[in-house]
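Encoded as structure tokens, the structure appears first; notes follow it.
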Amino acid sequence: MNILAKIEEGSYVLLFHTPRKKWLTKVTQDKKLHTHLGIIDISATIGMEYGSAIRTTEGKLVFLIEPTIHDFIMKSERRTQIVYPKDLGYIAARTGLKNGSKVLEVGTGSGALATFMASIVKPDGHIYSFDVNPEFMDIARRNLEKAGMSQYVTLHQHDPHQGVDVRDADIAIVDLGDPWTVLDQVHDALKGSGAFVAICPTMNQIEKTATELKKSGYADIDCVELMIRNIEAREGMTRPSMRMIGHTTYLVFARKVQKLQERVEAEAIAEEEGAEENDEENRDE
Ligand SMILES: C[S@@+](CC[C@H](N)C(=O)[O-])C[C@H]1O[C@@H](n2cnc3c(N)ncnc32)[C@H](O)[C@@H]1O
């Protein structure tokens, strides 16, 4: 039997006119949305099926789409840089994020990453997310609430540099300007071979993070950048879009392993040798 998804009072609906003109709104009685395409009578959508269409007061066509987690994230309230869907998907694939995963997040920000991860770890998993800024945490709280993910995320206003009370986490994600400063605290929180991810917008951040990871009990270090190219598909003239988001962030992945003094020393020796080689090179010039 095919059960039709109907819009109810309190549901969210994505009002879709074109890919660049779409609005996410909560359906309530007597609600009207004023747009430059005319007024949309939101209360009239109660009882309609998702996928059906209505018209604005100016006769423009609007489809009623059931929002996905991607829509909630892209339409979220933001005061910080967020992690974008292109990176979210790869993070999930790389770390094995799944229902039941226990996740530590450092740097809640606007809660975009937390919202996405919660939608995957639910109903049996949980996200423990830390931030120091109460204003951003309020925004994250509202975004999580809107997407229906609050119950799977615990927000802590606490600086993880002081340590975190999370243990045996499957995954830890750090989105701070200086991820290398919390590697020991994250190491304590992760289970053996647990996955580590750092969100690093700049090259110097990935360089420093990768260098410190090697000395801090992590292996399988891998740094990547992902790019999305949109294709404009039109009959007889399909080609890549002229617009492109050139850069969002780099991602650093690693796995927690035993902290071995010999690795710390090997790194120190390698660094010294590297410095000596550089000196040699400098002398030759
Ligand atoms: C770029 S935002 C994180 C965005 C988030 N990943 C998202 O997708 O919405 C970085 C956050 O780190 C927080 N932060 C900065 N220093 C911190 C610290 N020492 N401990 C915890 N959070 C910190 C900031 O307040 C900010 O909210």
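Here, each number is a calculation from the coordinates, and none is a lab measurement. In this text the structure is predicted, and so the values were computed from the model without any measurement. Using ideal geometry, Cβ is built from the backbone for each residue, glycine included, and neighbour counts are taken over all protein chains shown.
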Interchain or sequence-distant (5+) residues whose placed amide H lies within less than 5 Å of the amide H of VAL83 are ALA112, LEU113
Once both label points are put 7 Å beyond Cα along the C-beta direction, the MET203-GLU265 separation in nm becomes 3.5 nm
Length-normalised contact order of the chain, Cα under 8 Å, at least 6 apart, in percent, tallies to 12 percent
For the range 89-241, the Cα convex hull volume per residue in Å³ comes to 143 Å³
Cα extents of the range 12-67 per principal axis, largest first, Å, are 23, 21, 15
In degrees, nearest 10, the alpha-carbon axis of helix 112-121 is tilted away from the dominant principal axis of the alpha carbons of the chain by 90 degrees
Between the Cα axis of helix 203-215 and the main Cα principal axis of the chain, the angle (0 to 90°, nearest 10) is 50 degrees
The range 155-191 and the range 193-221 have their Cα centres apart by a whole-number Å value of 13 Å
Going from the fewest other Cβ atoms within 10 Å to the most, one would list MET117, MET203 as MET203, MET117
Mean Cβ-within-10 Å packing, highest first, puts peptides 4-10, 215-221 in the order 215-221, 4-10
Quick note, the range 1-129: a/c under 1.5 would make it rounded; otherwise a/b > b/c is prolate and the rest oblate (a ≥ b ≥ c, C-alpha gyration tensor); here it is prolate
FRET efficiency (HIS161, GLU9; Cβ distance; R0 51 Å; to 0.05) is 0.65
With R₀ set to 35 angstrom, the calculated FRET efficiency between the beta-carbons of HIS70 and ALA219, to the nearest 0.05, is 0.60
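From the square roots a ≥ b ≥ c of the eigenvalues of the alpha-carbon gyration tensor of the chain, which class results: rounded (a/c under 1.5), prolate (a/b over b/c), or oblate?
Prolate, since a/c reaches 1.5 and a/b exceeds b/c.
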